[in-house]
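Enquirer: Starting off with a structure, shown below.
Every number here is computed from the coordinates shown, using simple stated rules; none is lab data. Remember, it's a predicted structure, so these values are computed and weren't measured experimentally. Using ideal geometry, Cβ is built from the backbone for each residue, glycine included, and neighbour counts are taken over all protein chains shown.
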Amino acid sequence: MPIDDCMKKIVFNILAAALCLCTTACGTKTETYDLSEHIGACRGIGDAAILQEAGASYIEIAISRFLMPESPDSDFEENLALAQASPIPVLSGNGFYPGDIRLTGPEAETERAVAYARKAFERGAQIGMKYFVLGSGKARAIPEGFDPAEARAQFVDLCRQIAPYAEAAGITIVIEPLRRQETNFINSVHEGYGIVKEVGHPALCVLADFYHMTQESEGPESIIEAGAALRHCHIAEDINREAPGTSGQDFTPYFKALKEIGYRGNISIECRWNDFESQVAPAIAEIKRQLETI
């Protein structure tokens, strides 16, 4: 073989090997994400063992009750110990702000809300939490007669203030759109995503709750629109907000949308249980069954 051809072959082999190493390191060929391994439920910490046995990967607690951001550290010590001893991780929390902390309107308590959030992030980080669900429909609701544009500006300002503290704690805030029966502000994933874009901080993203989406006749196209800004999901059936599998609701259109955007988050069951202990394992199994079909 001529020297030039030999050198070309050597260079080609070196480049091919380097490309292979890069591809493996970047995860473009080997990285997989099985969403069925990222299913949890919104429950009290006392049900963690039941959830583990049922096949859940994590538990989602109530932030205001469990983290008690406005109570002394000594009051939180027992819950901290419970979380650290949990058989499954406490990865997320909902019920961020209680209703008595106004986030919009003439009585908005932005300074209190920021201080509350900072302490919540600090305690959430202590137990390894990754997602804080900002639903808080009562706290964020726009008072009658108050300018909706001003209320939105108040909420955006609050999000801009608290997002850096969340990022420092390794936590992502996800805005939860809620049906109109629960609040008059942010009723769709589309609307929540609009706030996320306006704030423009990586620690503020949006959540898709399939129950609220169905109630508001919002289709999976909103999931596609949100794309990488969608970081967490809630699930329950449209009928009576019951556990998945109770009435046989088909969630696959939403699951297909998640697959299309390359979703890398979790799915928390947030429903009304008729009998939690007997329903939770079948509910998780039903979600996994539907995920397998897409």
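Enquirer: Which of Leu230, Leu35, Leu207 moves the most in a Gaussian network model of the chain with Cα springs under 10 Å?
Expert: Between Leu230, Leu35, Leu207, it is Leu35 that shows the largest mean-square fluctuation.
Enquirer: Considering Cα pairs under 8 angstrom that are at least six residues apart, work out the relative contact order of the chain and quote it in whole percent.
Expert: With pairs under 8 Å counted, the relative contact order is 16 percent.
Enquirer: Moving on to the next point. Fewest Cβ neighbours within 10 Å first, please rank Asp250, Asp238 accordingly.
Expert: Going from sparsest to densest Cβ surroundings: Asp250, Asp238.
Enquirer: Separate question: Sort region 34-292 into rounded, prolate or oblate with this rule: let a ≥ b ≥ c be the square roots of the eigenvalues of the Cα gyration tensor; rounded if a/c is under 1.5, and if a/c is not under 1.5, prolate when a/b is larger than b/c, oblate otherwise.
Expert: oblate
Enquirer: Let me ask something additional. Tell me the mean residue ellipticity at 222 nm calculated for the chain from its helices only (DSSP H runs of n ≥ 4, each -39500 (n - 2.57), averaged over every residue, nearest 500).
Expert: -14500 deg cm²/dmol
Enquirer: Right, here's the next one. Within 10 Å of each residue's Cβ, count the other Cβ atoms and sort Asp73, Asp209 from fewest upward.
Expert: By the 10 Å Cβ count, ascending, the order reads Asp73, Asp209.
Enquirer: Can you list the GluC sites (Glu not before Pro) in region 122-221 that are in a DSSP coil and have 12 or fewer other beta carbons within 10 angstrom?
Expert: Here the GluC sites (Glu not before Pro) that fit, given the DSSP loop and packing criteria, are Glu144.
Enquirer: Under a 5 Å amide H to amide H cut-off, with H placed in plane at 1.01 Å, what residues pair with Ala62 once short-range neighbours are removed?
Expert: Asn94
Enquirer: Tell me whether region 76-136 comes out rounded, prolate or oblate; compute the Cα gyration tensor, take square roots of the eigenvalues as a ≥ b ≥ c, and use a/c under 1.5 as the rounded threshold.
Expert: Prolate.
Enquirer: Would you look at the GNM of the chain, springs on alpha carbons closer than 10 Å, and say which of Thr32, Thr246, Thr172 moves the most?
Expert: Among Thr32, Thr246, Thr172, the largest GNM mean-square fluctuation belongs to Thr32.
Enquirer: Compute the angle between helix 148-168 and the longest alpha-carbon principal axis of the chain, please, reported from 0 to 90 degrees and rounded to the nearest 10.
Expert: 50
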